[in-house]
Every structure is written in C-alpha cells, then in structure tokens.
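Presented below is the structure to which this report refers.
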C-alpha cells in the first residue's frame, strides 16, 4: 500500500502537515503535483506567477530527490488524475493541504467524498494558515469584517503551534508512476518580459528560508517604519514564498519569536493581515468579482482604455505611480506602499474600477494571491472590509515627497528624471524651464505630462461618490 501526497500551493517539505502525516504511516509516499488550472478556484495564474511556479516545482523535485523520492507531475482534472494514480499505484490514501478559494473548496469537497465512497482514506490538513477561516468569529458568531477586531481576537484566542522540520528521508514505492516533465506544463512566458525576475527573486523552499533569515537578522528591527520607504530593503519580500507555500506562516511567525522589537510585532500583525484576507475570501466567496459592500456594485466607474494603458505602462506623468508600475513590469513585484498609491490613482484619479487593477496585478505580480489581491484592491477602492473611505484620496505628489523624499526610488525606475533635483522630482511639470533643461528632460517627449490634474480628478471622484451616495455624503 502507498499514500499519495497531493501538492498544491504548499511547495515545501518542512512544516507540511499532509506530507508529515503521510510519512508517519510508514508506507511508501508518492508526491504528486496536478496542474489543474481550470478548477483551482481562481483565474489561471498570470505570467509572473507561472514563472515562479515553474522554478518552485523544479526546486521541490530536487529536494524530494535528495531524500530518495521524486515529484510526479500530471495535468488534467484533479479527480480524474487521482483515480488514475490510485489505479496505477494501488494507493489506499490521499492526503493534501487545504485551499480556501471558492471553487477549490467545492472541488476538494467533491474529491474527498468520491474517494471516501470508494473505500479510500482521503484527508486534508491546514498547511497554509495559522487560523483557519472558521476558527475565529466575532462576538455574534459571524465572520470578522474589521481587521483590528480580528487581530485582537486572534491574540486572545489562538495559540500558534511550533513548525515541524522536514522529514530526513521519504520512502517511495519500488517504481514511481509515469510523470510529465515540468517543461511539458508550458509555464514560462513566451515573451522575454520575465528576464529580470531571477535577479530579484529565487523561488523554492531553500531560498524562502534564506530570505526569512535575512529579514530576521536585519530589516525586521526597523520594519515598522522602513516598510513604508520604497527605496529601502525594509520589507520581508516573503509574499511570493508564502503564496506558493515554500514557507509556512507558522515558520514566519516562529522566526521572530525571540525578536522583541516593535518591528517584530508589526511583522506578526502583517502575517495576520494575510490571514484576514483568507478569512474574508472563504466567508465571502464572491468578492474576487464584486465588492463586499453591496452599494458599491453599481458605482459609476469609467471606461478609459487609454488611461488604463498609461497606468499599466508607467506613463501617467506622476513619478511615484510610474516608478511603481515600471518596477512591477520589470521585476514582478511592487513595494506595498507604492501599491496603495498606484491603486488609489487608478481608482480615484482615473475612476477606473478596482477590478481593472486587480486583473493587471494578477497577471504581473509573482506574489499574485486571490485573497490578498482582492482585499488590497477593495481596501483601495473603499468598497471592502475595513476599507479606507472612498473619499480619502491619496495625493501622488505628497505621497512621493513623504515616502521617497530624495527621489531615490523614482530615479531608479524612472531614469529619464534621474537628474532632476529632489525638489522637483515628484512634480516635474512645475520645475523651472532651466532645471528641466539641465536635467535633460523635455516634458511630453522624454516624460509625459500628467494625464489628469490630480486636484480636478479628486473633485470629480468626490462628486461621483456624492452622487452615488446621495446628499449629505462626507467629503
């Protein structure tokens, strides 16, 4: 007899409950990855995510082979492929770690029921979250919609168990079933736009642990303030590793246990912001497509392909926004503070829907995560749980001057402005002609004029919100 371990977004060996339970049975373990993008509970992974997945699967297979095992790769509908593997191997059990996207929950429920009805052991485990979505409830017994209350409840009512080390050896069957090559999945983008990704990120469990140690040994002490400065390496950059399950949230939580700094506390709070995102996705499964707050489902968003394209390409004429969008396109990642600024610009300066932004981030972020992407964009749009009010509009000029005061971040990603003095780098259209000339900047040629006037755009957004909400709306 043998047991199948169905890997999904848990591409690691350490602190992997499904793998640990399988190894504890003392039977041959067959690790399996099923490429089932048509039923994962979300849109097919974007180009940046596919690049990461390709590398992560290769690292997982390498780690398994170091322990005497290997990764079996198949493509197709999950239940069909699992049945084939059971027939080929004689496996009597299938273990996996849970996912929380709406279609994934329905699929996994169906898979468990079908396998159990055939006399097989089918068990799922929590390998992705610290607190599963149903484990924390408000005083009324309902899901939380305010993060502070969620966080306070977690601290009072939930104990984080220590992570478990990886098995030293994984016993396999005498012969592994046939497998596709990872190349056969065709994950890598056909266009070479991802060529700079490897210089910024290294997928895989070993790289995730190195990134965690690097963060804990340095940036975490100043995390509370440094995480808002895009020119500094002040964030953990663990989000893609967490999304693909190369590291567990329990490992991240445990790593700062002996760091008594304010930064460590803030980092743990951010771990639970991710938990909050999954809590909301599970309880409100329609939110990837529609606003949590029902009144926003009829908001009068504009249609503006030209403005959307300028935003996507980093050609809005607002340097902090353009720097972020260019960083995203070239590296598959964007600093979190700049994500908020760029998101606010799309939704409130251009009055384009948050769904437009979420779709672009989904395709271009290596850490594109359905729960976090949905929560972040609905927060920016003022239409989700615990969201910033719609009438709070980020000023991209002031945000740039506050969080990138010397213009270091803009100089890196918008090099055509690199010679402008800091005084003008976030508002080049106000720079004296002589300063532009000395910096070699010709507005409208080297760098665009602003595609909207922020002051006027803000007033238009507030007017749209007031008409939408009716008389007496705050402004």
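General remarks:
- Members of the stretch 165-187 that are under 26 Å from the mean Cα position of the chain (by Cα) and surrounded by fewer than 16 Cβ atoms within 10 Å (Cβ to Cβ): 165, 183, 184, 186
- If the condition is being within 19 Å of residue 348 (Cβ to Cβ), free of Cβ contacts under 8 Å to residues at least 12 places away in the same chain and in a helix (DSSP H, G or I), then the stretch 435-466 contributes 455, 456, 459, 463, 466.
- Residue within the stretch 150-171 that is assigned to a loop (DSSP other than H, G, I, E, B), in contact with a strand residue (DSSP E or B) (Cβ under 8 Å, 6 or more places away or on another chain) and touching a residue at least 40 places away in the same chain (Cβ under 8 Å) present: yes
- Some residue of the stretch 422-434 being out of contact with any strand residue (DSSP E or B) (no Cβ under 6 Å at 6 or more places or on another chain), touching a residue at least 60 places away in the same chain (Cβ under 8 Å) and surrounded by fewer than 12 Cβ atoms within 10 Å (Cβ to Cβ): no
- The stretch 74-108, residues that are within 25 Å of the chain's Cα centre (by Cα) and assigned to a helix (DSSP H, G or I): 78, 102, 103, 104, 105, 106, 107, 108
- Against the list (1) in contact with a strand residue (DSSP E or B) (Cβ under 9 Å, 6 or more places away or on another chain); (2) in a helix (DSSP H, G or I); (3) within 30 Å of residue 313 (Cβ to Cβ), the condition residue 193 fails is (1).
- Qualifying residue in the stretch 255-275 (condition: in a loop (DSSP other than H, G, I, E, B) and under 16 Å from the mean Cα position of the chain (by Cα)): no
- Residue in the stretch 112-124 that is in a loop (DSSP other than H, G, I, E, B) and in contact with a helix residue (DSSP H, G or I) (Cβ under 9 Å, 6 or more places away or on another chain) present: yes
- All of 300, 305 fail the test of being free of Cβ contacts under 8 Å to residues at least 12 places away in the same chain and in the same structural domain as residue 356 (by TED's automatic domain parsing), apart from 305.
- Selected residue [at pLDDT 95 or above and within 29 Å of residue 191 (Cα to Cα)] from 56, 124, 117, 69: 56
- Taken as a whole, the structure places residue 221 among residues that are surrounded by 12 or more Cβ atoms within 10 Å (Cβ to Cβ) and in contact with a helix residue (DSSP H, G or I) (Cβ under 6 Å, 6 or more places away or on another chain).
- Whenever a residue of the stretch 72-97 is more than 18 Å from residue 172 (Cα to Cα), its partners that are part of a strand (DSSP E or B), lying with C-beta atoms within less than 7 angstrom and at least six residues away or across chains, give the pairs 75/35; 78/34; 81/34; 81/74; 97/124; 97/125.
- Breaking point among (1) buried (at least 18 other Cβ atoms within 10 Å of the Cβ); (2) within 22 Å of residue 237 (Cβ to Cβ), for residue 30: (2)
Residue-by-condition table, conditions (1) under 30 Å from residue 277 (Cβ atoms); (2) modelled with pLDDT of 95 or more:
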residue: 358; (1), (2): yes, yes
residue: 377; (1), (2): yes, yes
residue: 387; (1), (2): yes, no
residue: 409; (1), (2): yes, yes
residue: 433; (1), (2): no, yes
residue: 437; (1), (2): no, yes
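- Test: residue in the stretch 256-270 that is surrounded by fewer than 19 Cβ atoms within 10 Å (Cβ to Cβ), within 20 Å of residue 136 (Cα to Cα) and at pLDDT 95 or above: yes
- Unique match (being in contact (Cβ under 8 Å) with a residue 24 or more places away in the chain, assigned to a helix (DSSP H, G or I) and more than 28 Å from residue 271 (Cβ to Cβ)) among 342, 310: 310
- Sole residue being assigned to a helix (DSSP H, G or I), in contact with a helix residue (DSSP H, G or I) (Cβ under 6 Å, 6 or more places away or on another chain) and over 17 Å from residue 281 (Cα atoms), chosen from 347, 380: 347
The values are calculated or read from the model by the stated rules, or taken from the named source; none is laboratory data. The shown structure was predicted, so the numbers you read here are calculated from the model rather than taken from an experiment. Reconstructed Cβ throughout: ideal geometry from the backbone, glycine too, with neighbour counts over all protein chains shown.
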